[in-house]
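Taking it in order: structure first as structure tokens, then the write-up.
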């Protein structure tokens, strides 16, 4: 008489990583946007300098302390965002919430410092094209940061509700991908706008 054995259960289906792919495309599009804006900025700056003029108008200064603090704040936020990915992949709920909360606080600190920097620069938007370019690029980056903060907040609520687990944590990973792209975009514009002036 033949002995039959029950087959083991099928492995659980892995969801497609749609959110990661979409976040990758959004990150690439945002980086291309900043590449185009910075290309226009650097071209206009080179043309003005070749004509013998100065890039910044008379009486306008861009301090370096605030952009440097903003850069280090975003670098610290990239570390805490990666900490959140690490923690959620190991079902460490407490560290996930702490890391996502700290990342959000770093984002708010960046917004605060950027608004303070705008009050210090005192560019006249109507009088010169330099102000339009600087405010367009930095404003676009501020919008990208706010979008990254909203994305992170949504994924934090999903984690709080138990939807982000060690087996399926694409949401936090996708938010981290977009967050890191935003940090890279700022590092590039920090050098192009604030350092080279």
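Some observations on this one:
- Number of positions in the range 179-195 that are without any contact (Cβ under 8 Å) to a residue 24 or more places away in the chain and either buried (at least 20 other Cβ atoms within 10 Å of the Cβ) or not in a helix (DSSP H, G or I) (or both): 0
- Subset of the range 117-128 that is surrounded by 14 or more Cβ atoms within 10 Å (Cβ to Cβ) and in contact with a helix residue (DSSP H, G or I) (Cβ under 7 Å, 6 or more places away or on another chain) - its residue that is farthest from residue 69 (Cα to Cα): 123
- Count - residues of the range 15-58 that are free of Cβ contacts under 8 Å to residues at least 60 places away in the same chain and part of a loop (DSSP other than H, G, I, E, B): 6
- If you go through the range 140-156 and keep only what is within 13 Å of the chain's Cα centre (by Cα) and either more than 21 Å from residue 116 (Cβ to Cβ) or surrounded by fewer than 20 Cβ atoms within 10 Å (Cβ to Cβ) (or both), you end up with 140, 142, 143, 146, 147, 150, 151, 152.
Residue-wise test of (1) exposed (fewer than 10 other Cβ atoms within 10 Å of the Cβ); (2) touching a helix residue (DSSP H, G or I) at 6+ places or on another chain (Cβ under 7 Å); (3) closer than 18 Å to residue 135 by Cβ.
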position: 11; (1), (2), (3): yes, no, no
position: 17; (1), (2), (3): no, yes, no
position: 23; (1), (2), (3): no, yes, no
position: 26; (1), (2), (3): no, yes, no
position: 29; (1), (2), (3): no, no, no
position: 37; (1), (2), (3): no, yes, yes
position: 42; (1), (2), (3): no, yes, yes
position: 45; (1), (2), (3): no, no, yes
position: 50; (1), (2), (3): yes, no, no
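- Boolean, residue 176 is outside any loop (DSSP other than H, G, I, E, B) and surrounded by fewer than 21 Cβ atoms within 10 Å (Cβ to Cβ): no
- Boolean, residue 96 is modelled with pLDDT under 95, more than 30 Å from residue 57 (Cβ to Cβ), touching a helix residue (DSSP H, G or I) at 6+ places or on another chain (Cβ under 7 Å) and surrounded by 15 or more Cβ atoms within 10 Å (Cβ to Cβ): yes
- Test result for residue 159, surrounded by 15 or more Cβ atoms within 10 Å (Cβ to Cβ) and either under 22 Å from residue 27 (Cβ atoms) or touching a residue at least 60 places away in the same chain (Cβ under 8 Å) (or both): yes
The values are calculated or read from the model by the stated rules, or taken from the named source; none is laboratory data. Worth saying up front: this structure is predicted, and the values here are computed from it rather than measured. When we count neighbours, we look across all protein chains shown, and the Cβ atoms used for this are built from the backbone with ideal geometry, even at glycine.
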